[in-house]
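To start, the structure under review is shown below, and the notes come after it.
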Amino acid sequence: MHHHVSRLIATTRARIAFALSIVLAIAFLAGAAPASGTSTTHSKPTIVLVHGGWADSSGWNAEIERLQRDGYPVIAPANPLRGLSSDAAYIRSVLQTITGPVVLVGHSYGGAVITNAAVGVANVKALVYVAAFAPDQGESLLGLVTMNPGTHITPDALLERPYPLPGGGTGSDLYIKEAVFRDAFAGDLPLSTTRLMQATQRPFSAAAFGEPSGTPAWKTIPSWYLVASEDHAIPPVTERFMAKRANAYTTEVAASHVPMISRPKATTDLILKAAKSIR
């Protein structure tokens with residue numbers, strides 16, 4: 001009887017030891033799996049999306065949803081819209097908090113901002129311009145937008161509102177008037193959508209229009225460009241000129257000035273093409 005109990009205890013201990021080893025093995029694998037998954041996730045570049053004037057980061061919502069679904073870390077910071085050099089300095093400060101490779105995307109005025117912000121930030125590996133300004137050194141938005149005829153954002157399309165500057169003095173904010181907003185900015189979106197966009201547009205400082213751009217990042221960082229062939233804000237011929245000059249991989253889409261809203265698949269596909277080029 002005593003021998004039987006001893007054998008029973010020994011068998012039970014053996015089973016417990018075996019079960020414990022299985023549990024420990026599972027725990028080890030479970031612990032290892034997230035680490036491996038995390039490293040795979042973080043091996044993908046971070047996508048930084050920079051909006052332009054008269055807009056905000058919500059314009060990137062469709063791109064953000066798909067990029068996140070595909071496992072990309074994404075951030076769409078607020079572009080201050082106060083002045084080109086200060087806006088670029090702000091976006092650069094955001095970039096400097098990101099480890100690992102970055103795909104930097106700019107729409108419209110956001111293109112001028114990324115052109116300046118990426119300079120000296122070694123982990124920015126690709127620039128993507130979406131119906132965007134890609135200025136060379138010394139160029140201003142005003143000079144580029146009037147380089148060729150075709151823009152519908154003329155002085156009489158804009159409403160000017162003075163605002164106090166932090167150090168004293170007065171700045172000038174520009175808004176697109178309700179009567180011209182849809183045609184000039186987003187003609188391929190429903191009126192119900194563009195009425196909301198016009199009412200909630202973020203003001204764009206007149207100072208940002210005339211400020212000369214600095215050394216362009218596109219001279220040293222590979223670039224991609226999405227031309228919007230129905231653009232009434234930046235003439236498409238000017239977009240093609242800037243894309244060619246930047247030696248950018250270029251594709252065209254029949255869209256207004258906001259292809260990231262009206263043609264999100266084409267926009268995201270180009271961002272992904274840039275992201276997948278990074279080794």
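Being of a type in the set (G, A, S), more than 19 Å from V253 (Cβ to Cβ), in contact (Cβ under 8 Å) with a residue 40 or more places away in the chain and surrounded by fewer than 24 Cβ atoms within 10 Å (Cβ to Cβ) narrows it down to one of G120, G71, G83, so name that one. Result of the check over G120, G71, G83: G83.
Of all residues in segment 86-107, those satisfying the criterion of being open to solvent by less than 10 Å² (accessible area, probe 1.4 Å) and not charged (D, E, K, R) are A88, I91, L95, V102, V103, L104, V105, G106, H107.
Out of T146, T193, report the one residue that is out of contact with any Pro (no Cβ under 9 Å at 6 or more places or on another chain), under 30 Å from K244 (Cβ atoms), surrounded by fewer than 18 Cβ atoms within 10 Å (Cβ to Cβ) and of a type outside the set (A, V, I, L, M, F, W, C). Even if it seems obvious, please write down each step before you answer.
Values: T193 fails: under 30 Å from K244 (Cβ atoms).
Within the list T146, T193, the selection yields T146.
Of all the numbered requirements in (1) within 22 Å of V74 (Cβ to Cβ); (2) touching a helix residue (DSSP H, G or I) at 6+ places or on another chain (Cβ under 8 Å), M147 misses one, and that requirement is (1).
The C-beta contact set for segment 229-249 (first residue assigned to a helix (DSSP H, G or I), second residue β-branched (V, I, T) and open to solvent by less than 20 Å² (accessible area, probe 1.4 Å), distance under 6 angstrom, 6+ apart or interchain) comprises P236/V227; E239/V227; R240/V227.
Note on segment 247-259: residues that are within 23 Å of K125 (Cβ to Cβ) and open to solvent by 10 Å² or more (accessible area, probe 1.4 Å) amount to 5. The residue list A186, A131, A112, A126 contains one member that is within 18 Å of P212 (Cβ to Cβ), in contact (Cβ under 8 Å) with a residue 60 or more places away in the chain, open to solvent by less than 10 Å² (accessible area, probe 1.4 Å) and under 22 Å from the mean Cα position of the chain (by Cα), which is A112. Checked against (1) closer than 20 Å to D269 by Cα; (2) modelled with pLDDT under 95; (3) open to solvent by 70 Å² or more (accessible area, probe 1.4 Å); (4) not basic (K, R), E65 passes all but a single condition, namely (2). Residues in segment 198-214 that are in a helix (DSSP H, G or I), in contact with a helix residue (DSSP H, G or I) (Cβ under 7 Å, 6 or more places away or on another chain) and either over 12 Å from G53 (Cβ atoms) or open to solvent by 40 Å² or more (accessible area, probe 1.4 Å) (or both): Q198, G210.
Please verify whether segment 258-279 includes one or more residues that are at negative phi and more than 18 Å from the chain's Cα centre (by Cα). So far as segment 258-279 goes, yes, one or more of its residues are at negative phi and more than 18 Å from the chain's Cα centre (by Cα).
All conditions in (1) surrounded by fewer than 17 Cβ atoms within 10 Å (Cβ to Cβ); (2) not in a loop (DSSP other than H, G, I, E, B) hold for W218, with the sole exception of (1).
Checking every residue in segment 155-177 against the condition of being in a loop (DSSP other than H, G, I, E, B), in contact (Cβ under 8 Å) with a residue 40 or more places away in the chain and exposed (fewer than 15 other Cβ atoms within 10 Å of the Cβ) gives zero matches.
Does V227 qualify as being crowded, with 23+ Cβ neighbours inside 10 Å and modelled with pLDDT of 95 or more?
yes
The values are calculated or read from the model by the stated rules, or taken from the named source; none is laboratory data. Because the structure is a prediction, the values reported are computed rather than measured. Note: ideal-geometry Cβ built from the backbone for every residue, glycine included; neighbour counts use all protein chains shown. Remember, those area values only see protein heavy atoms, side chains included, never the ligands or the DNA or RNA. Shrake-Rupley method; radii C 1.70, N 1.55, O 1.52, S 1.80 Å.
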